[in-house]
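The values are calculated or read from the model by the stated rules, or taken from the named source; none is laboratory data. Remember, predicted model here, so these are calculated numbers, not experimental data. Cβ sites come from the backbone with ideal geometry, for glycine too, and all protein chains shown count toward neighbours.
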Amino acid sequence: MSKHRQDKLTPKMEMFCKEYTVDFNGSRAAIAAGYSKRGARVRASEMLTRRNIQEAIQKLIKERGDRIEKSGDAVVRLLWKMAELDLADYLTVGEGGEVQAIPFDSLTEGATKLISKIKEKRTIVESSDGAKQTMYGTLEYELPEKTKCLEMLGRHYGIFNDKFNADDSYVLPVKIIRETVDGTKVSINRPAGPVPEPPK
């Protein structure tokens, strides 16, 4: 088989390259390109080791970057903000050492933009004179998961090798919970690990 023929991409391969540049998920790209779902992960790993596939992907990334350079830069900047998210922007420590979530209207604009979801449970109590009072029982902020953001940045900068595959179902949001009335508690899932330097 000639070198030219070996380098030529099939329609499926071309579709795989296009789909891969969407989110850099090899398994999903292989399935979207028409390969068997059962062997998608293996197929993706095999294709990503081929020089012609890598060249096609890099070409697509460059072309897309030329078209939407501003939008792409905005996405990367937002990912860096998510990866460098500081829990101190969402928590405060009282005089007694208790940790409390900062009320939403007291958060900075930059901090509120990074919140994915807010859950709030209220308890209404009635006093002896019949007056009703609303008590804030639980306030929960859901924030971006740092490890996932760093993974996406790592893929963008080519830090990880092509055999790296994360579980598509992996989701572990950071949660900040405030409980009042009987006491204040906070539950936090904070991933550990070094954070690479942001671009200058």
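Details
- Condition met for Val75 (among the β-branched types (Val, Ile, Thr) and farther than 17 Å from Gly158 by Cα): no
- Pairs with Cβ under 7 Å, 6+ apart, first in segment 115-126 and surrounded by fewer than 11 Cβ atoms within 10 Å (Cβ to Cβ), second assigned to a strand (DSSP E or B) and among the charged types (D, E, K, R): Lys117/Glu142; Ile124/Lys132; Glu126/Lys132
- Scanning segment 84-114 for residues that are surrounded by 12 or more Cβ atoms within 10 Å (Cβ to Cβ) and part of a strand (DSSP E or B) yields Leu91, Thr92, Val99, Gln100, Ala101.
- Check on Val75, touching a strand residue (DSSP E or B) at 6+ places or on another chain (Cβ under 8 Å) and at pLDDT below 85: no
- Counted residues, segment 39-67 - those being of a type outside the set (Asp, Glu), surrounded by fewer than 12 Cβ atoms within 10 Å (Cβ to Cβ) and at pLDDT below 90: 2
- Summed over segment 98-114, residues that are without any contact (Cβ under 8 Å) to a residue 40 or more places away in the chain and among the acidic types (Asp, Glu) total 2.
- Residue count for segment 1-20, restricted to those that are at pLDDT 90 or above and part of a helix (DSSP H, G or I): 10
- Boolean, Thr147 is part of a helix (DSSP H, G or I) and out of contact with any Asp or Glu (no Cβ under 8 Å at 6 or more places or on another chain): yes
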